[in-house]
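Engineer: Can you keep this structure in mind? I'll have questions shortly.
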């Protein structure tokens, strides 16, 4: 290369073109680790750069756990269990009192009004009244615990027990429905809380993420 104003480099000056220059930069030497080892995956001199690994595809979500149990489910279970236990304990205490009181009045030949009330109650319990008065609360106690298992049939069974109790109590107390209303509201609330929208969604949940079939 020559021309006006061009001065050749002095003799012995370093050249800035590497021998064998082809227009592409040569890869630099890889950084070395202690001991002379190169970084893993770093391209060596004269080696084409390693392409980055492909991005991972969409990660499928793992199994989703069941939703949190609504508070109304625990409320229905608590009302059923506590009400049943209180009824069983109160009825048993009253029956024992009637039996002991009848014997005590009979020993002193006291045939007053209290003796007849206690004696009548004891006789009716022995005649078969004790069967439904103990059977219904025991059934409610069992179904009250079963509603926590998230099986749709458990709330159906629990509600069926409540309806049977209300129907039988209405027939038994047909001469004085005021006593029936005093207990009917408690049974109705303990059953109706299981049919709220939150409780229905909890019972219909399935492990595959799909809702169950509607419960008619």
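Engineer: Test of understanding: among 183, 139, which residue is within 29 Å of the chain's Cα centre (by Cα), in a helix (DSSP H, G or I) and without any contact (Cβ under 8 Å) to a residue 60 or more places away in the chain?
Structural biologist: Exactly one of 183, 139 is within 29 Å of the chain's Cα centre (by Cα), in a helix (DSSP H, G or I) and without any contact (Cβ under 8 Å) to a residue 60 or more places away in the chain, namely 139.
Engineer: Of the residues in region 89-125, how many are modelled with pLDDT of 90 or more and farther than 23 Å from residue 172 by Cα?
Structural biologist: Within region 89-125, residues that are modelled with pLDDT of 90 or more and farther than 23 Å from residue 172 by Cα number 1.
Engineer: OK, next. Would you confirm, using the coordinates I've provided, whether residue 33 is at pLDDT 95 or above and out of contact with any helix residue (DSSP H, G or I) (no Cβ under 8 Å at 6 or more places or on another chain)?
Structural biologist: Against the criterion (at pLDDT 95 or above and out of contact with any helix residue (DSSP H, G or I) (no Cβ under 8 Å at 6 or more places or on another chain)), residue 33 does not qualify.
Engineer: Could you grab me the full set of residues in region 186-196 that are in a helix (DSSP H, G or I), in contact (Cβ under 8 Å) with a residue 24 or more places away in the chain and over 15 Å from the mean Cα position of the chain (by Cα)?
Structural biologist: Once the filter is applied, which keeps residues that are in a helix (DSSP H, G or I), in contact (Cβ under 8 Å) with a residue 24 or more places away in the chain and over 15 Å from the mean Cα position of the chain (by Cα), region 186-196 yields 186, 187, 188, 189, 190, 191, 193, 195.
Engineer: Determine if region 197-205 includes at least one residue that is part of a helix (DSSP H, G or I), at pLDDT below 90 and farther than 21 Å from residue 148 by Cα.
Structural biologist: no
Engineer: Look through 66, 70 and report the one residue that is under 34 Å from the mean Cα position of the chain (by Cα), at pLDDT below 95, closer than 19 Å to residue 200 by Cα and exposed (fewer than 12 other Cβ atoms within 10 Å of the Cβ).
Structural biologist: Working: 70 fails: exposed (fewer than 12 other Cβ atoms within 10 Å of the Cβ).
After applying the criteria, what remains is 66.
Engineer: Out of curiosity, is residue 150 in contact with a helix residue (DSSP H, G or I) (Cβ under 7 Å, 6 or more places away or on another chain), more than 21 Å from residue 98 (Cβ to Cβ) and at pLDDT below 90? Write out each step before concluding.
Structural biologist: Details: in contact with a helix residue (DSSP H, G or I) (Cβ under 7 Å, 6 or more places away or on another chain): yes; more than 21 Å from residue 98 (Cβ to Cβ): yes; at pLDDT below 90: yes.
When the stated conditions are applied, residue 150 passes them.
The values are calculated or read from the model by the stated rules, or taken from the named source; none is laboratory data. Please read all numbers here as calculations on a predicted model, not as lab measurements. Because the Cβ atoms are built from the backbone with ideal geometry, glycine has one as well, and the counts that use them run over all protein chains shown.
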